[in-house]
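Engineer: This is the structure, below, for whatever I ask next.
The numbers here are math on the coordinates, done by the rules we state, and not lab data. Since the structure is predicted, the reported quantities are computational estimates derived from the model, not experimental observations. Here the Cβ positions follow ideal geometry from the backbone for every residue, glycine too, while neighbour counts run over all protein chains shown.
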Amino acid sequence: MTTASGDIASRISRGAVGTSPARRRGLVLLSASMLALALTACGGAGDDGGGTAETSASVIAEAKAAVAKNREGTDRALPISAPKPQAGQNVWLISCSQAGEGCSAPAEGAEEAAAVVGWDLTIVDGKGRPDVFASAIRSAVADDADGIILDAIDCIAAKSALQDARKAGTKIFAFYAFDCNDPILKDQSEPLFDAELSFGNGVSFIDYVEKVQSRSAADYIIAQTEGKAKIIEFTEDDLVITQHLKKGFEDRIKDCEGCEIVKKVPFNLDDFVTGKLGGKAEAALTQNPDANVLYSPYDSALTVGIAQAVVASGRNDDILVTGNEGLTPNIGFTQDNKGQDFITGLPARWVGWAAIDSMNRLLQGEPQVDQGMGLQNIDENGPFPTQTTFYDGNMNPDGTPKQDYAANFKKIWDVS
């Protein structure tokens, strides 16, 4: 871990976390995580115990090693070959909501890639509503679509329509979504996705969320507080992904004997619409003056009230605020020290290009391959993207991309 990064832990006690100068603001956009609607099992919201013991040196060392690795980025090699795409394919992409950057950026990437290979790509704004998801899927089937791409839409949110698509022989590919046999669901049924985004080495999306993405934030917290975190954890049980994120985060925090979740703050999608997140954050900060960490399962929850409440509380410089994704406003918050200190970066537009490559393989009966996407830690020390306003793959210290995924796809597709 670098000296600058390691210094954050000591600065928490001095009230000086995050000192980057203000440079820009982002638009408040809802994320894919918020909008992947699903009917799920609900868990409890009680506070965890713990925090009374001393965290072992081995756990802290392991966390610091993970932070150092994740700071460099964990993207892997890009695909080296692909079947040549057949022009004229009729593919529909159903976006969870084009109002949210976490959904719209992948859709834009897919649109760019589809144009390169000569496909007819229809993008439908799902508006975050299961009835719109279902209607769009049935419209795709009626249009004799060759394939449907689900952009952060869980199987359970459009189960009946997806069953109709399967019966019609329409291929279904999904990214950032969970199938109908997800183990966290009370009523599991047969899987309906024909293929999903591949993270390589047999890593499922569940494994990625629980053992990679959420663990990244937990390791950062353990490392930066030297195993002495007192955490306000925001939890959400009305989405499948947030339940997996919670499980992964809490499983890792349990390894930190000196860490404690002092308060769990339950929220749901209605809190976004009604603007209640800021008030919940304000209350939690007031009621837990000893807390030195605030964990949000995803970035959009911070943009619509939590980050603003942290700044207004006067505790912006003595509480570590973490998020996931790397959306435009959150890059700005972290860079400007405005209520967010850390991001687990997940690529945005790259996912859309990978979805077109994956759908091409699916339509041609070829196996899926590792698309190379990992994550990267972003904090007050950067790196901050210079070619996009959002995180879109591993960056060098100066913010330039380490890999040109678009050029690589064009090469392996044998198109100009």
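Engineer: Could you check the simple spin-label distance between Asp290 and Asp398, using points 7 Å along Cα→Cβ, in nm with one decimal?
Structural biologist: Distance between the two pseudo-spin positions: 4.8 nm.
Engineer: For the pair Val116 and Ser160, what calculated FRET efficiency results from E = 1/(1 + (r/R0)^6), where r is the Cβ-Cβ distance and R0 = 30 Å, to the nearest 0.05? Walk me through the intermediate numbers first.
Structural biologist: Details: r = 34 Å, r/R0 = 1.13.
The computed FRET efficiency comes out at 0.35.
Engineer: Using alpha carbons only, how many angstrom separate the centre of the range 318-375 from the centre of the range 88-157?
Structural biologist: Spelled out, the Cα-based centre of one part sits 18 Å from the other.
Engineer: Name the most mobile residue of Gly365, Gly200, Gly345, meaning the one with the largest mean-square fluctuation, in a Gaussian network model of the chain with Cα contacts below 10 Å.
Structural biologist: Of the options given, Gly365 has the highest mean-square fluctuation.
Engineer: Take the Cα pairs of the range 138-231, get the Kirkwood Rh, then feed it into Stokes-Einstein at 20 °C and 1.002 mPa s and tell me D in µm²/s. Intermediate values should be presented prior to the final figure.
Structural biologist: Working: Rh = 15.2 Å.
Reported coefficient: 141 µm²/s.
Engineer: Another question, if that's okay. Let me check I've understood the local charge: for Ala165, count other residues with C-beta under 14 angstrom from its C-beta, Lys and Arg +1, Asp and Glu -1. What total comes out? Please list the in-between numbers first.
Structural biologist: Details: positive: Arg138, Lys159, Arg166, Lys167, Lys171; negative: Asp143, Asp144, Asp146, Asp164, Asp179, Glu190, Asp194.
Around Ala165, the surrounding residues sum to -2.
Engineer: How far apart, in nanometres, would the label points at Val273 and Asn201 be if each is projected 7 angstrom from Cα along the Cα-to-Cβ direction?
Structural biologist: That separation, rounded to one decimal, is 4.2 nm.
Engineer: Counting DSSP beta bridges in the chain, what percent are antiparallel, to the nearest 5? Write out the running numbers ahead of the final one.
Structural biologist: Values: 7 of 42 bridges.
So the antiparallel bridges in the chain amount to around 15 percent.
Engineer: About its Cα centre, what dipole magnitude does the chain give when the only charges are +1 on Lys and Arg Cβ and -1 on Asp and Glu Cβ, stated in debye to the nearest 20?
Structural biologist: Details: 37 positive and 58 negative charges, 95 e Å.
Dipole size: approximately 460 debye.
Engineer: In the structure shown, do any of Lys64/Lys84; Lys228/Lys338; Lys84/Lys247; Lys167/Lys211 have a Cα-Cα gap over 32 Å, and if so which?
Structural biologist: Lys64/Lys84; Lys84/Lys247; Lys167/Lys211
Engineer: With r as the distance between the Cβ atoms of Arg76 and Glu54 and R0 = 51 Å, compute the FRET efficiency 1/(1 + (r/R0)^6) and round to 0.05. Mind dumping the intermediate values first?
Structural biologist: On the way: r = 36 Å, r/R0 = 0.71.
With R0 = 51 Å, the Cβ-Cβ based efficiency is 0.90.
Engineer: Please find, in a Gaussian network model of the chain (springs between Cα atoms separated by less than 10 Å), the residue of Ala110, Ala157, Ala283 whose mean-square fluctuation is greatest.
Structural biologist: Maximum among the listed residues: Ala283.
Engineer: Which of the pairs Lys264/Lys402; Lys171/Lys410; Lys127/Lys411; Lys254/Lys402; Lys69/Lys159 have their Cα atoms more than 32 Å apart in this structure? It would help to have the intermediate numbers written out before the result.
Structural biologist: On the way: Lys264/Lys402 38 Å; Lys171/Lys410 23 Å; Lys127/Lys411 35 Å; Lys254/Lys402 34 Å; Lys69/Lys159 39 Å.
Going by Cα-Cα distance, Lys264/Lys402; Lys127/Lys411; Lys254/Lys402; Lys69/Lys159 fall outside the 32 Å limit.
Engineer: Right, another one. Classify the chain: rounded, prolate or oblate, from the alpha-carbon gyration tensor (a ≥ b ≥ c, eigenvalue square roots; a/c under 1.5 rounded; otherwise prolate if a/b is larger than b/c)?
Structural biologist: It is prolate, given that a/c is not under 1.5 and a/b is the larger ratio.
Engineer: Build a GNM of the chain with springs between Cα atoms under 10 Å: which of Lys167, Lys263, Lys228 gets the top mean-square fluctuation?
Structural biologist: Answer for the Gaussian network model of the chain: Lys167.
Engineer: Rounded, prolate or oblate, given the Cα gyration tensor of the range 222-281, with a/c below 1.5 counting as rounded? Don't skip to the end; give the middle numbers.
Structural biologist: Values: a/c = 3.37, a/b = 1.74, b/c = 1.94.
It comes out oblate by the Cα gyration axes.
Engineer: Could you please report the charge total around Leu269, scoring K, R as +1 and D, E as -1 over all other residues with beta-carbon less than 12 angstrom from its beta-carbon? Could the numbers behind the result be given before it?
Structural biologist: Values: positive: Arg129, Lys276; negative: Glu236, Asp237, Asp238, Asp270, Asp271.
That sum, taken over residues with Cβ under 12 Å, equals -3.
Engineer: For the chain, what is the mean residue ellipticity at 222 nm derived from helices alone (per DSSP H run of n ≥ 4: -39500 (n - 2.57); sum divided by total residues; nearest 500 deg cm²/dmol)? Before the final figure, lay out the partial values.
Structural biologist: Details: 14 runs with 151 residues, N = 416.
Helices in the chain give a 222 nm mean residue ellipticity of -11000 deg cm²/dmol.
Engineer: Shape of the range 84-177 from its Cα gyration tensor (a ≥ b ≥ c, root eigenvalues): rounded if a/c is under 1.5, otherwise prolate when a/b > b/c, or oblate? Mind showing how you got there, number by number?
Structural biologist: Values: a/c = 1.95, a/b = 1.11, b/c = 1.75.
It is oblate, given that a/c is not under 1.5 and a/b is not larger than b/c.
Engineer: Could you please rank Lys254, Lys230, placing first whichever residue has the fewest other Cβ atoms within 10 Å of its Cβ? If you can, show how the numbers build up before the last one.
Structural biologist: Values: Lys254 13, Lys230 19.
Ordered by Cβ neighbours within 10 Å, fewest first: Lys254, Lys230.
Engineer: For the pair Ala65/Gln86, report the inter-label distance in nm, with labels modelled 7 Å from Cα in the Cβ direction.
Structural biologist: Placing both labels 7 Å beyond Cα along the Cβ direction yields 4.9 nm.
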